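Since the structure comes first, as structure tokens, the remarks are kept for the end.
Nothing in this text is a laboratory measurement; each read-out follows from the coordinates by a stated rule. Source: prediction; values computed, not measured. All Cβ positions, even for glycine, are placed from backbone atoms using ideal geometry, and neighbour counts span all protein chains on display.
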Amino acid sequence: MSAGPGATSGIAIVGAGIIGLYTAYHLARAGAGPITVLDRGWLSNGASGRNGGGVRQQWETPATVRLARESVAAYRRFGREFGFNIWFRQGGYLFLAESEPELRHLSGVTSTIRSEGLDGKLLRPEEVPHYAPGLDPGGLVGGSYLHSDGTLYPFPALWALNEAVVREGVNLRMGTEVTGIRTEDARVTGLATSAGPLVASVVVNAAGGWAGDLSALAGLPTPNHATRHEILATEPLKPFLDPMVVRLRDGLYFSQTMRGEIVGGLTMAHPTGTRAGMPSSSAFLRAMSRALVGLLPSIRHLGVLRAWSGFYDDTPDGLPVIGEDPRLRGFFHANGFGGHGFMLAPAASRRVAQAILGERSDLDPGQFSVGRFLTPPADRPVEGLQLG
Ligand SMILES: Cc1cc2nc3c(=O)[nH]c(=O)nc-3n(C[C@H](O)[C@H](O)[C@H](O)COP(=O)(O)OP(=O)(O)OC[C@H]3O[C@@H](n4cnc5c(N)ncnc54)[C@H](O)[C@@H]3O)c2cc1C
């Protein structure tokens, strides 16, 4: 089956990033279909091929901790399930606080994850270098650490899912742009694409940084906004750093890959929106180099090998948007993952598939449905640990 005149697909997923592919996988395994995944680019051209590979369970909101914990379990069995090595290494995540309010923030996160059964620790400043040798503890008031957090290589995860969904009979259409959402009587009937129309009774918006634009094509305003984030990789060094290190003050994060490179980024104030594309800037190179060398002085002679950027798909409360849009039957959201879609993908996409299949879900719709932005309840959780 192909997108084109007269083509039909029960379920059409827009976006072949980690969220769209994982959702297709869960649906295909559940026997749903026919399923088409469409992407205007190539595999990994969105944020899924441009990220830092960090996978953590230290979160402020218990529901996010649960999704992250389930995702860690999925990444642990990923090799067996898909036959691809994603180099998932549980070297921990180390958060750094430089002020008392930041430390209180970490203390709250540590209490939350401990009450969820995870073995997180709050650290005194002098304990920090034990977890990250060579790190200058001057200026630190403490940190938090969870040993079962970790890092992986995003590319093999995408390759594995790509192969798995094709094996399961999913029609994968790369290089096909979705240009319109067709509707009738407030329900989805299909898509307009660069390869022609596609009939579908379910459309899934897994368009990452472009999710707000795709919802707008359906006449559904959402508060998703794309923010560009830059990242770099250095020359390799003999492995010395186990955890992903994240500093609250400026969003600096870095880890060492198994090849020895330091990979990391820092939050810069770029204008929001996708129009300016995904360039890299010399301002980022300067700010990132200064921040990294300030914290790890011994790497000051290391060269930068490459730098790139991609879009976060942010929401006002830092939580993803999952489930059917109450304004348009058959239009499902699987977006709003900010800088954390890879680490939540296995569990979050399972909830997307459950919503499409009409199965019961443990997700609170008040917390994850797009409806929370349309008629916001007075008191709803906000995820404040939107870093690294
Ligand atoms: C620099 C950086 C560092 C990050 N670090 C981490 C990290 O350490 N850990 C982590 O968990 N997450 C991280 N993230 C976030 C993570 O990469 C994303 O949350 C995740 O990859 C989102 O996956 P996705 O499938 O929703 O979107 P994407 O991977 O962006 O895929 C969306 C796809 O939709 C396609 N598309 C859009 N519009 C259309 C259209 N109209 N028609 C057809 N196709 C369309 C695009 O071509 C794209 O391929 C980082 C992101 C960036 C940019």
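Compare Gly190, Gly139, Gly310 in a GNM of the chain, Cα atoms joined below 10 Å, and give the one with the largest fluctuation.
Looking only at Gly190, Gly139, Gly310, the largest GNM fluctuation is found for Gly139.
Pull out the extension gain between Asp136 and Arg360, defined as 0.36 nm times the separation in residues minus the alpha carbon to alpha carbon distance; nm, one decimal.
Values: separation 224, 0.36 × 224 = 80.64 nm, distance 4.88 nm.
Full extension of this stretch gives 75.8 nm more.
Based solely on its DSSP helices, what 222 nm [θ] is calculated for the chain when runs of n ≥ 4 H residues each add -39,500 (n - 2.57) and the sum is averaged over all residues, nearest 500 deg cm²/dmol? Each step should come with its number before you reach the end.
Values: 11 runs with 112 residues, N = 388.
Helix contribution divided over all residues of the chain: -8500 deg cm²/dmol.
Tally Lys and Arg at +1 and Asp and Glu at -1 over the other residues with C-beta under 11 Å from the C-beta of Arg247: what net charge comes out?
Taking every Cβ under 11 Å from that of Arg247, the sum is -2.
With charges set only on the Cβ (+1 for Lys and Arg, -1 for Asp and Glu), what does the dipole of region 240-388 come to about its Cα centre, in debye to the nearest 20?
Details: 15 positive and 13 negative charges, 104 e Å.
In debye, rounded to 20, region 240-388 gives about 500.
Where does the Debye-calculated log10 I(q)/I(0) of region 309-377 sit at q = 0.15, 0.17, 0.28 Å⁻¹, using only Cα point scatterers of equal weight, no solvent?
Here the Debye-derived log intensity ratios amount to -0.46, -0.59, -1.40.
What angle, in degrees between 0 and 90 and rounded to the nearest 10, separates the Cα long axis of helix 154-167 from the longest principal axis of the Cα atoms of the chain?
Its long axis makes an angle of about 20 degrees.
Which FRET efficiency value, to the nearest 0.05, is calculated for Met174 and Glu127 with the Förster distance at 51 angstrom and r the Cβ-Cβ distance?
Values: r = 48 Å, r/R0 = 0.94.
With R0 = 51 Å, the Cβ-Cβ based efficiency is 0.60.
How much length is gained on full extension from Ala30 to Ser298, taking 0.36 nm per residue of separation minus their Cα-Cα distance? Please report the intermediate quantities before stating the final value.
Details: separation 268, 0.36 × 268 = 96.48 nm, distance 5.12 nm.
Full-extension gain reported as 91.4 nm.
Taking springs between alpha-carbon atoms closer than 10 angstrom, which of Gly150, Gly371, Gly212 fluctuates most in the Gaussian network model of the chain?
For the chain, modelled as a Gaussian network with Cα springs under 10 Å, the answer is Gly371.
Rounding to the nearest 10 and keeping the result within 0 to 90°, find how far the Cα-based axis of helix 18-29 lies from the longest principal axis of the chain.
It is inclined by approximately 50 degrees.
Estimate the FRET efficiency between Arg275 and Val199 by the formula 1/(1 + (r/R0)^6), using the beta-carbon distance for r and 41 Å for R0, to the nearest 0.05. Don't skip to the answer; put the middle values down first.
Details: r = 31 Å, r/R0 = 0.77.
Efficiency, rounded to the nearest 0.05: 0.85.
Using just the C-alpha positions of region 226-287 as equal point scatterers, what log10 of I(q)/I(0) does the Debye formula give at each q in 0.13 1/Å?
Once normalised to I(0) and log-transformed, intensities are -0.40.
Dimensions of region 188-265 along principal axes (Cα, Å, largest first)?
Cα extents, longest axis first: 55, 29, 18 Å.
Using 7 Å Cα-to-Cβ label points, what is the Thr189/Glu70 separation (nm, one decimal)?
Between Thr189 and Glu70, the simple spin-label model gives 3.5 nm.
Debye calculation, C-alpha points only, no solvent: report log10 I(q)/I(0) for the chain at q = 0.12, 0.14 Å⁻¹, in the same order as the q values.
With no solvent term, the Cα-only Debye profile gives -0.90, -1.20.
Write out the trypsin sites (Lys or Arg not before Pro) in region 263-332 meeting two conditions: DSSP loop, and at most 11 other Cβ atoms within 10 Å of their Cβ. Show your work: numbers first, answer last.
Working: sites: Arg275, Arg286, Arg290, Arg300, Arg306, Arg327, Arg329; in loops: Arg275, Arg300, Arg327.
Those that pass, being in a loop and sparsely packed, are Arg275, Arg300.
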